[in-house]
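*Asks:* Got a structure here, written out as structure tokens. Questions coming.
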Amino acid sequence: MYGLLGVLLLWCCALYALRREIASAWSEPCLRQPVMVFEGDDWGYGPLAQADALREIAAELCRHRDSTGRHPEMTLGVVLAGPGVAGTPTDALAAARVTLTDPRLEPVVNAMHDGVAAGVFDLQLHGMEHYHPAALGNAVTHDPQVRDWLADAPFCETERLPSPLQSRWTDASVLPSRTLADDDVRKRVVEEVATYRQCFGITPTVVVPPTFVWNECVEQAWAHAGLRVLVTPGERYEGRGADGLPVDTGVCYRNGQRCPSGLMAMVRNDYFEPVRGHRADRGLAALATRWAQRRPLLLETHRSNFVGSTAEPEDSVRAVGDLVAKALVAQPALRFLSVAELARQYEQDGELLDRRLSVRLSALWYRLDRHGRRRKVAAVLVLLTVLAVILAVV
């Protein structure tokens, strides 16, 4: 008897310790059908070969449809600008930036528009540049890799910058990175949203922070500028540590969460990078896991799979098509939506959401059944329960 009471007490303590995670998992709405979205980043400023790559991706996506007739969608996180001329670091940084309004980038922009019209692309704001200009200027004085990168301007690959410097919303010219001034943040958000409107004629709906490093000031500024949806990795990083890696803040997000800023959060929850060996089997396993959790599958992928010095364009396009074809067989009810449309489903309690208690309980189990602390705690408690039952019987 005392053994069973002790185990019950332990279970109560464990539930109390995990109460926030349980509450978050329970609060996140459940989907009625599986959903898969390709989340593509880094498109826009960069090599002119992007135009051909975008058309190849669009052609592949147009070959497939879900049960409602929708094509699979790849969102394009758009980088609006970059350095305009090659030369010495001082000359390159002083020159006017090149934006997507430059006539030389018109084929890239046209390929984006054509994909949107075909129903296979949806544009998202990634940033004015995939770096902070002042931080890049500081780094030039001591980093030969940055000087070499600037020498290739215009239309150089931002992917070749050192990873910490690709973070736009922190000063990573020295490590650990330094927080940007609030006025600087607000000014740059206004500028990038205005430039997006100039390039595409509309205010962006969805924003994807470069390298997922941002803070509350940035988030508030995006909301004030008219954005509605924030794509996250499920948590927020606000800077780069001494090792150059993003620093976790403990701020977490879930799909459909209304943030204090007013933005609605969406969560990317897996990768599909063909140049890293990702194939259909990985995507199918991720889709099965997210469907068990009644969550959408938002697959992060990058331009570097299709364009640039390390790209394998034909193989990467083929890998995307292979995953889509096999996913439609594995999950016949699979739906293709953009992130903006999916966010509206959460916002408006749409027809894709399943409110049945049995579904929510099942999803809760799978959402909590993950590698890490929760699984270890559950395993220990289950073992103690079994031992207590054995002792009580004996």
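*Asks:* Looking only at residues in the range 66-83 that are out of contact with any Leu (no Cβ under 8 Å at 6 or more places or on another chain) and in contact (Cβ under 8 Å) with a residue 60 or more places away in the chain, which one is nearest to Val206 (Cα to Cα)? I'd like the intermediate steps shown before the answer.
*Replies:* Of all residues in the range 66-83, those out of contact with any Leu (no Cβ under 8 Å at 6 or more places or on another chain) come to 68-69, 79, 82.
Narrowing the set further to residues that are in contact (Cβ under 8 Å) with a residue 60 or more places away in the chain leaves 68, 79, 82.
Details: Thr68: 24, Val79: 13, Gly82: 21 Å.
Filtering first and then ranking leaves Val79.
*Asks:* So which of His130, His142 ends up being assigned by TED's automatic domain parsing to the domain that holds Arg236, buried (at least 19 other Cβ atoms within 10 Å of the Cβ) and not in a helix (DSSP H, G or I)? Give the steps one after another, and end with the answer.
*Replies:* Working: His142 fails: buried (at least 19 other Cβ atoms within 10 Å of the Cβ).
On inspection, the qualifying residue turns out to be His130.
*Asks:* Yes or no: Leu100 in contact with a strand residue (DSSP E or B) (Cβ under 6 Å, 6 or more places away or on another chain) and closer than 22 Å to Val229 by Cα? Don't jump to the end; show me each part of the working.
*Replies:* Values: in contact with a strand residue (DSSP E or B) (Cβ under 6 Å, 6 or more places away or on another chain): yes; closer than 22 Å to Val229 by Cα: no.
No, not satisfied.
*Asks:* Which of the residues spanning the range 176-204 are surrounded by fewer than 20 Cβ atoms within 10 Å (Cβ to Cβ) and farther than 22 Å from Leu105 by Cβ?
*Replies:* Correct list: Pro176, Arg178, Thr179, Ala181, Asp182, Asp183, Asp184, Arg186, Lys187, Val190.
*Asks:* Here is a check on your reading of the model: is Arg276 closer than 25 Å to Arg258 by Cα and either among the charged types (D, E, K, R) or free of Cβ contacts under 8 Å to residues at least 60 places away in the same chain (or both)? Spell out the reasoning first.
*Replies:* Values: closer than 25 Å to Arg258 by Cα: no; either among the charged types (D, E, K, R) or free of Cβ contacts under 8 Å to residues at least 60 places away in the same chain (or both): yes.
In short, no.
*Asks:* Identify the residue in the range 17-54 that is buried (at least 17 other Cβ atoms within 10 Å of the Cβ) and of a type in the set (D, E, K, R) and, among all such residues, is farthest from Phe155 (Cα to Cα).
*Replies:* Of everything passing the filter in the range 17-54, Arg32 is farthest from Phe155 (Cα to Cα).
*Asks:* Lys326 fails exactly one of the following numbered conditions: (1) crowded, with 20+ Cβ neighbours inside 10 Å; (2) in a helix (DSSP H, G or I). What is the number of that condition?
*Replies:* Checking Lys326 against (1) crowded, with 20+ Cβ neighbours inside 10 Å; (2) in a helix (DSSP H, G or I), the one that fails is (1).
*Asks:* So which residues in the range 154-174 are within 20 Å of the chain's Cα centre (by Cα) and under 17 Å from Phe212 (Cα atoms), if there are any at all? First the steps, then the outcome.
*Replies:* Taking the range 154-174 and keeping what is within 20 Å of the chain's Cα centre (by Cα), we get 157-170.
Thr158, Glu159, Leu161, Pro162, Ser163, Pro164, Leu165, Gln166, Ser167, Arg168, Trp169, Thr170 - these are the residues of the range 154-174 that are within 20 Å of the chain's Cα centre (by Cα) and under 17 Å from Phe212 (Cα atoms).
*Asks:* Looking only at the range 255-288, which residues are touching a strand residue (DSSP E or B) at 6+ places or on another chain (Cβ under 7 Å) and either part of a strand (DSSP E or B) or over 17 Å from Glu39 (Cβ atoms) (or both)? Spell out how you get there, then give the answer.
*Replies:* Of the residues in the range 255-288, the ones touching a strand residue (DSSP E or B) at 6+ places or on another chain (Cβ under 7 Å) are 255-259, 263-273, 278, 283, 286-287.
The answer is Gln257, Arg258, Cys259, Met264, Ala265, Met266, Val267, Asp270, Tyr271.
*Asks:* Can I ask one more? Residues to consider are Ala225, Ala153; find the one that is closer than 17 Å to Val78 by Cβ, of a type in the set (Gly, Ala, Ser) and surrounded by fewer than 24 Cβ atoms within 10 Å (Cβ to Cβ). Spell out how you get there, then give the answer.
*Replies:* Working: Ala153 fails: closer than 17 Å to Val78 by Cβ.
Ala225 is the lone residue from the list that is closer than 17 Å to Val78 by Cβ, of a type in the set (Gly, Ala, Ser) and surrounded by fewer than 24 Cβ atoms within 10 Å (Cβ to Cβ).
The values are calculated or read from the model by the stated rules, or taken from the named source; none is laboratory data. These numbers come from a predicted model, not from an experiment. Reconstructed Cβ throughout: ideal geometry from the backbone, glycine too, with neighbour counts over all protein chains shown.
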